[in-house]
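Below is one structure, written out as structure tokens; comments come after it.
Just so it is clear, none of the values below were taken in a lab; they were calculated from the coordinates. None of these values were measured; they are calculated from a predicted model. Quick reminder, even Gly has a Cβ in these numbers, built from the backbone with ideal geometry, and neighbours come from all protein chains shown.
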Amino acid sequence: MTLENKFTIASNAVVCKEAILEGEITIGSGTVVHPTAVIRATNGPIIIGENNNIEETSVIENLNENGETLLIGRDNVFEIGSGK
């Protein structure tokens, strides 16, 4: 299945070009997405709040069966390799 990409990224968020984003994703102010991190909105949108740190090789994927939004709050750290 091919996902339609729709990204909304706050002007002071940082998303490294080596990060992999797929689907409908919103990234909040001050959030940093490191190289090789994967954010995949497979079954519904993902909204990531402010000041999160998503480190290398972390995987965040919305697998909700009914298309609900996956909401991640603020001030979280997803350490290297988390979510695999």
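A dipole drawn for the chain from +1 and -1 charges on Cβ atoms has a positive end, and of 31, 82, 70 the residue lying farthest that way is 31. Checking every one of the trypsin sites (Lys or Arg not before Pro) in the range 1-74 against DSSP loop status and a limit of 12 other Cβ atoms within 10 Å picks out 17. In the chain, the ratio of gyration radius to Kirkwood radius, Rg to Rh, stands at 0.93 when only Cα atoms are counted.
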